[in-house]
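Participant: Let me begin by handing over the structure; questions about it come next.
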Amino acid sequence: MITTVQQHILQQQQEISEASGRFSWLLSGITLATKMVEAKIRTAGLSDVLGAFGQTNVQGEQQQKLDVFANQALLHCLGLRDSVAALVSEEDEEPVTFNRSVDTGKYIIVFDPLDGSSNIDVNVNVGTIFSVLRRLPSDTTDLQASILQPGYTQVAAGYVVYGPSTVLVYTTGHGVHGFTLDPTIGAFVLTNENMKMPEHGNYYSVNEANAASWPDKYREYVGKLRSGALGRQYSSRYIGSLVADFHRTLLKGGVFLYPPTKDQPGGKLRLLYEANPLAFIAEQAGGMASNGNGRILDIKPEGIHQRTPFMVGSKREMEALLDGRATDGRAK
Ligand code: AHG
Ligand code: MN
Ligand code: MN
């Protein structure tokens, strides 16, 4: 007996306030787009979708052809859903807004269409990350107020990781659920219900090339992980695609860190469409997510492409980082 993600969302809908079929219709736009991306990735080496697109995006980053394709797939599939008031993409400087009334255009979708672009051409896992916000009823103008809501207001969040298999993970605030794409039927099938992040993991994940420019507390913390101060020997894993590093952390536990660096003192990862959705999922799975000072989900965004330091993982590792509890559990 299989449960597809559409069936699961409809069952979830009974429990969440988005009782209309509108919400599941909206999420089906996301899953359709990710299936289009998945199909493109599977044949990327054969068709002309590898390599640079030849333009830079608002981030000042060289766009990859697959960045552009994924962005267009999401804009197309979601733009057709009349419940969408606005779409915010990592690849577009400004939101795409639709002239829909507050009664129809009830949702804002924020997304990173293709995460891990630097890994596309070397056949390493990449992903798509999305976050769903409810439009504020009073917001009948440029929707900035609805877009710049803190992460705890998210209605849903999820990601797809395109790896040896294609996995979709999402939450609507009622647990975290994982699906695997069955290519023989073209559907995401439920494979992990109510996923929980281990309380204490065996991996830490950080780009150690930046260690010299981190604030001291991060060097000291990684040093403690290495020295066994948390009571176990860790292994280091860093894929360089946030979605893949996060997915491993969700399944195996441990901690992922992208601390402030000299080049990126405000952090590299984006708040709205990388940190917030993954923080929502992490907390729903029993983990924690912080910018090093406070909860990611409490941050009031100032700009749609705002960056943040991002640390996410198991309770044990995150408490050790945040309250300096890095020995046998006694606070320092
Ligand atoms: P994107 O491809 O969407 O721009 O995201 C890339 C991000 C993220 O996927 C990853 O964790 C991080 O960049 C890796 O950064 P470094 O190469 O600086 O470690
Ligand atoms: Mn990204
Ligand atoms: Mn991206």
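Participant: Take the eigenvalues of the Cα gyration tensor for segment 5-192, scale each by 5, and report the square roots as semi-axes in whole Å, largest first.
Facilitator: With the √(5λ) rule applied to segment 5-192, the semi-axes are 27, 21, 13 Å.
Participant: If I take all pairs of Cα atoms in segment 129-288, what percentage of them are more than 23 Å from each other?
Facilitator: 46
Participant: List, largest first, the extents of the alpha carbons of the chain along their principal axes, each in whole Å.
Facilitator: 54, 45, 44
Participant: What does the extension gain come out to for residue 202 and residue 6, with contour length at 0.36 nm per residue minus their alpha carbon separation?
Facilitator: Difference between extended and current length: 67.2 nm.
Participant: Can you run phi through the Karplus equation (6.51, -1.76, 1.60; θ = phi - 60°) for segment 94-108 and list ³J(HN,Hα) in whole Hz, with x for Gly and Pro?
Facilitator: 10, x, 8, 10, 10, 7, 10, 5, 5, 7, 9, x, 9, 10, 10
Participant: Could you grab the relative contact order for the chain? Cα pairs under 8 Å, six or more apart, rounded to a whole percent.
Facilitator: Contact order relative to length: 15 percent.
Participant: Take the Cβ-Cβ distance between residue 136 and residue 252 as r, set R0 to 45 Å, and report the resulting FRET efficiency rounded to the nearest 0.05.
Facilitator: So the FRET efficiency works out to roughly 0.75.
Participant: At a threshold of 8 angstrom on Cα-Cα distance, excluding pairs fewer than six apart, so keeping six or more, what relative contact order does segment 5-192 reach in percent?
Facilitator: 15
Participant: Next question. How large is the translational diffusion coefficient of segment 88-167 in µm² per second when you combine the Kirkwood radius over alpha carbon pairs with Stokes-Einstein at 37 °C and 0.692 mPa s?
Facilitator: Rounded, D is 233 µm²/s.
Participant: With r defined as the distance between the Cβ atoms of residue 100 and residue 56 and R0 fixed at 30 Å, what FRET efficiency is calculated, to the nearest 0.05?
Facilitator: 0.45
Participant: Given the Cα-Cα distance of residue 189 and residue 293 and 0.36 nm per residue of separation, how much length would full extension add, in nm?
Facilitator: 33.6 nm
Participant: Can you give the local net charge around residue 168? Use residues other than it whose beta-carbon is closer than 15 angstrom to its beta-carbon, Lys and Arg +1, Asp and Glu -1.
Facilitator: Around residue 168, the surrounding residues sum to -4.
Participant: For residue 315 and residue 238, compute 0.36 nm times the residue count separating them, minus their Cα-Cα distance, and round to one decimal in nm.
Facilitator: 25.7 nm
Participant: Let me ask something else about it. Just want to confirm a number: the relative contact order over segment 145-269, from Cα pairs under 8 angstrom separated by 6+ residues, in percent.
Facilitator: Worked out over segment 145-269, it gives 22 percent.
Participant: So how long is each side of segment 210-332 along the principal axes, counting just the alpha-carbon atoms, biggest first, in Å?
Facilitator: Dimensions of segment 210-332 along the principal axes of its Cα atoms: 40, 31, 28 Å.
Values in this text are rule-based calculations from the coordinates and carry no lab data. Every value quoted in this text rests on a predicted model; they were computed, and no experiment measured them. No Cβ is skipped: glycine too gets one built from the backbone with ideal geometry, and neighbour counts run over all protein chains shown.
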